[in-house]
Amino acid sequence: MTANSTHVLVVAELERGQVKGATLAAVACAQQIAQKTGGRFDILALGHETSSVGDALGKYGAGRVYLADSSDLKNPQADKASQVITQVAKTAGATVVIAASSTFSKDILPRVAAQLDAGMLTDVLSVTAEGNDWTLQRALFAGNVIATVALDGPVKVFTVRASAFAAPSPSSTASPVASVELNSAGQPNQIKFVSCDEKPSGRPDATEARIVVSGGRALKNSEDFERLIGGLADVLGAAVGSSRALVDAGITPNALQIGQTGKVVAPELYMALGMSGAIQHLAGMKDSKRIVAVNTDPEAPIFEVADYGLVGDVYQVVPELIQKLK
Amino acid sequence: MKFLVPLKRVFDPDTRIRLKADGSGVETDGVKYAINPFDAIALEEALRARDLHGSGEVVVVSIGSTDSQEQLRAGLAMGADRALLVRHEAEIDSLAVAKILAAVYKKEQPNLVLMGKQAIDDDSNQVGQMLAGLLGIGQATFISKLTLPADANEATCCRETDAGLEIVNVTLPAVITADLRLNEPRYVTALGIMKAKKKPLEELTPADLGVDATSRVRTLKLGLAPKRSAGIRVQSVDELLQKLRAETLIP
Ligand SMILES: Cc1cc2nc3c(=O)[nH]c(=O)nc-3n(C[C@H](O)[C@H](O)[C@H](O)COP(=O)(O)OP(=O)(O)OC[C@H]3O[C@@H](n4cnc5c(N)ncnc54)[C@H](O)[C@@H]3O)c2cc1C
Ligand SMILES: Nc1ncnc2c1ncn2[C@@H]1O[C@H](COP(=O)(O)O)[C@@H](O)[C@H]1O
């Protein structure tokens, strides 16, 4: 096999008809691989009324942008979406299928890997590809261990941690857009979308924001959370996040959870307010560039990872911060 | 209804992870093991459904060394009816685990596979989706609520996604993976442990199931993640703001 047979297929993620920012990290990873192996990459987006997406995705030097557009893919479910991705991967001859890590890709890509009989890795941090020898790095044990692994087999599938790949470089020529032929008769129909309580919050997503203001169990109810954590986030133009303790208590929605089992973020600044710093929480934020911690307990483990620690009560410190930043 | 619940033997979530001196693996000396927390939640949900329906069977299955008997016994003590151990000592990746589970599924013919969304050691979050893909059946991942009437041919699931809570109906049989908020697993009682001793625990190998368990993922090296060192303590909000402004992190 020649080295330049590497052919990456990037699966894009759309949100309300727009390309999610994290997708660009997967595009950056694909550019790296294509460059190192002398191979190429394509991008595939699935959704409904996707025409504007073609232009947005066509700016990065992909050989082709595939659009799979159908009302069936409006809220893409794993049964149909995985079948479409598998079909495109096979017809395009993809040897690598990747996407940015998210609940969307984690739901669908393993199913694609099974259908392609491919080994898969989740949340890859870096890729070294030389010819057919690939080594990749990923975290284990709630981020405590970094494993260097080989991924064997003719087709490889993985998701990439968005914060580990810098924005992709734009290309001077637009990629050609191709629409994917969908045969709706042959599609599986085992999963039916009913609803999603997605509320546009007006605040950026924690995985894409420069600053994340995050609250823990110190916040006693959702009004306090909104007033203090939300209030500080708004004066900073930041995203909000929370520990699992608050999600469990029904104070914050699950989409705000940062950690081993929630979102993984690495902003320029992470403000950990009234949270202890459990290892499962650290797994989701300890790669942030700067960490601020505010906690009444001077011994709280969060101080061991904080660049700036302030022993204090969030009910006093946060209003003062908001007032002085206004 | 018949439920198949995979249980993985993992380090207790509170374990401080250390590496062996030669970097060949994670130090297991003195480590306490547990059922993967997400799997215990999946098992709890299956037990509740069985007991609510007033009939049915819950079969637990683990892939690993004979040590995994400990977690299977714990699952039986929680209330599962039967256990299967697929003995495999070597490194194994998600796809090979899913292939073994697919073979177990074909043998057992459950109505529902209820399992954890991720194993807290490898944090892969793959096996359930791969299993559904291999079997060509429906899936609902990361669920925090399950509605499963006894005679239904579909399950209503509330999924925890990055965007919010999504409701889907999935045709049975299906694979459903549990998130943390689905329920609080019961504790094992002394009576449960007594009863578990008499429950069947069958052992087999991947070869018995006709599965090639070769792993496509091969670990080459493990290292501890770089540690952050503690920075400084500031004494006031003003000092904090001054530090953050000095680094142009805030306006
Ligand atoms: C399998 C598994 C997965 C998990 N996944 C996650 C995950 O993804 N994300 C996650 O966050 N957790 C996760 N957890 C839970 C985690 O172990 C902790 O229980 C959780 O992170 C604790 O949240 P907390 O820090 O807000 O609460 P606590 O640990 O209760 O900490 C509250 C802190 O607030 C301080 N405090 C109290 N009042 C004030 C005040 N007025 N002002 C300032 N400080 C105050 C206290 O000193 C304390 O340090 C997981 C656990 C398990 C077992
Ligand atoms: N060795 C194993 N034995 C039994 N179940 C497993 C095993 N490995 C993974 N699983 C199941 O697959 C789920 C997801 O695991 P993973 O994809 O490795 O994160 C776990 O929660 C278990 O239910």
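The table for this structure:
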item	result
Residue match in the range A:243-252 (condition: closer than 20 Å to A:G143 by Cα and buried (at least 23 other Cβ atoms within 10 Å of the Cβ))	yes
Residue list for the range A:74-87, restricted to those being crowded, with 23+ Cβ neighbours inside 10 Å and more than 9 Å from every other protein chain (Cβ to nearest Cβ)	A:P76, A:A81, A:V84, A:I85
In the range A:278-300, the residues that are over 17 Å from A:V264 (Cβ atoms), without any contact (Cβ under 8 Å) to a residue 40 or more places away in the chain and out of contact with any Leu (no Cβ under 8 Å at 6 or more places or on another chain)	A:D297, A:P298, A:E299, A:A300
Whichever residue in the range B:199-224 is of a type in the set (A, V, I, L, M) and part of a loop (DSSP other than H, G, I, E, B) and, among such residues, is farthest from the other protein chains (Cβ to nearest Cβ)	B:A207
All positions within the range A:21-77 that are among the acidic types (D, E) and part of a loop (DSSP other than H, G, I, E, B)	A:E49
Condition check for A:T207: of a type in the set (S, T, N, Q), within 17 Å of the chain's Cα centre (by Cα) and either closer than 18 Å to A:A34 by Cα or at the interface with another protein chain (Cβ under 10 Å from one of its Cβ atoms) (or both)	yes
Test: residue in the range A:308-324 that is in a loop (DSSP other than H, G, I, E, B), modelled with pLDDT of 95 or more and within 16 Å of ligand 2 (Cβ to nearest atom)	no
Residue among B:G75, B:G56 that alone is of a type outside the set (F, W, Y), surrounded by fewer than 23 Cβ atoms within 10 Å (Cβ to Cβ) and either away from every other protein chain (no Cβ under 14 Å) or more than 16 Å from ligand 1 (Cβ to nearest atom) (or both)	B:G56
Residue among B:A119, B:A132, B:A102 that alone is within 30 Å of A:A206 (Cβ to Cβ), assigned to a helix (DSSP H, G or I) and out of contact with any Pro (no Cβ under 8 Å at 6 or more places or on another chain)	B:A132
Of residues in the range B:1-39 being among the small types (G, A, S) and within 14 Å of another protein chain (Cβ to nearest Cβ), the one nearest to the chain's Cα centre (by Cα)	B:A34
Near pairs, Cβ below 7 angstrom, 6+ apart or cross-chain, from the range B:225-236 (facing chain A (nearest Cβ under 7 Å)) to any residue that is open to solvent by 100 Å² or more (accessible area, probe 1.4 Å) and at pLDDT 95 or above	B:A230/A:E304
Tally of residues being buried (at least 21 other Cβ atoms within 10 Å of the Cβ) and at the interface with chain B (Cβ under 8 Å from one of its Cβ atoms) across the range A:290-309	8
Scan of the range A:265-281 for residues that are closer than 22 Å to A:V160 by Cα and more than 9 Å from ligand 1 (Cβ to nearest atom), ordered by number	A:V265, A:A266, A:P267, A:E268, A:L269, A:Y270
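The values are calculated or read from the model by the stated rules, or taken from the named source; none is laboratory data. As the structure is a prediction and not an experimental result, all values here were calculated from the model. Using ideal geometry, Cβ is built from the backbone for each residue, glycine included, and neighbour counts are taken over all protein chains shown. Accessible surface areas use protein heavy atoms only, side chains included; no ligands, DNA or RNA. Shrake-Rupley method; radii C 1.70, N 1.55, O 1.52, S 1.80 Å.
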